[in-house]
Amino acid sequence: MLEDKLLIWKFNRGKRDVLRSIYEKYKDDLVTLATVLLTDISAAEDVVHDVFVSFIQSTGRFQLTGSLKSYLMTCVANNARNRNKAKQRHHNIDLDEADPVAADSRNPEFRAIFGEELSQLSWALGQIPYEQREVLILHIYSGMKFKAIAKSQEVSINTVLGRYRYALDKLRSLLNSEVKK
Amino acid sequence: MRPADDIHKLIKKLQLKASPKLDKRVHDDISKALAESKKAESARVEPNIWRIITKSGVTKLAVAAAIFIAFGMGFSIGRWSKPTRLASHSIDVTDYTSAVLVYPTAPKDEDSFWRRKTLAAMQPRPYVQNQFTKTNLINAYKKYLKEKHYD
């Protein structure tokens, strides 16, 4: 925590050499988050790269006040959401009819990304809708509060809580059905 | 069978390593940004004083306070002090009293001029603290003529 404070202090003073330390500290978490959201590791790495490029360019232009990890996680989630929307527009698929991410998640490569132990979970995560998956991962994995998630998604906190509950229920049923097989 | 309640723990276990390719891309970008900022720093001119003042809130406050105090002091001094220069309708008769009244017939060569000045400075000057108007001066001159006439 103290290290984060120091990093933020240096960043707010426009010291760009601190960017390396920030990247090294959070790169794995950011790549994991983006991969879970997009179910595509190369797209996830592009997202993390884009986020860091924007972050580098913004050095000295604004003052970070909150948690550095939350800020970067929100940036990655926003970028991933935009990329997902662009992908959906590109394929001319209606949001209500099909989930392109779910199609990707059936890819055995994605199941194997997180190893054998977590293959069921990664498969199940790929089955739930994007918005629900985003809330679930941001809350459990990134440790973000529902209020912050609601703000970043520009929806009400009740919508976020509903998505979280639906995501957990679906994940439970998917994992249980997978185990029964 | 894995219980569904372990979802939280499982999700927290998710961990991927960033590939060396991504590391290289990001580090290259950071190096580029660092090089650009160094170039910009070397080309930067002296910081503008007004920019420093307008950027910092504390400095802004301090400058405003300094201006306010200076203005207030100037106002109070100007209100309570006497004018240093004479008004247009009054004439300072210091030289007149010292040079004319005390030694009206002194010789005008250079040596006696300085001696006369020194002696004049040592004489009591009753009118120095006063500022004479034209009327007062005329009255003083009349008095002088009267005294001279009686002498």
### Query
So what's the net charge close to A:ASN82: Lys and Arg +1, Asp and Glu -1, counting the other residues with Cβ under 14 Å from its Cβ?
0
### Message
Just to confirm a number: summing +1 for Lys and Arg and -1 for Asp and Glu over residues other than B:LYS12 whose beta-carbon lies under 12 angstrom from that of B:LYS12, what do you get?
### Response
0
### Task
Taking a probe of 1.4 Å and counting only protein heavy atoms, give the total accessible area buried between chains B and A in Å², rounded to the nearest 100.
3200 Å²
### Summary
Sorted list, accessible surface of protein heavy atoms, 1.4 Å probe, largest first, for B:TRP50, A:TRP123 is B:TRP50, A:TRP123
### Query
All other residues with a Cβ under 15 Å from the Cβ of B:VAL26 taken together, and with Lys, Arg as +1 and Asp, Glu as -1, what is their net charge?
-1
### Task
Provide the solvent-accessible area of A:ARG13, counting protein heavy atoms only and rolling a 1.4 Å probe, rounded to the nearest 10 Å².
130 Å²
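The values are calculated or read from the model by the stated rules, or taken from the named source; none is laboratory data. These figures come from a predicted structure and were not determined experimentally. Backbone-built Cβ (ideal geometry, glycine too); neighbour counts: all protein chains shown. What goes into the accessible areas is simple: the full protein's heavy atoms, side chains included, and nothing from ligands, DNA or RNA. Shrake-Rupley method; radii C 1.70, N 1.55, O 1.52, S 1.80 Å.
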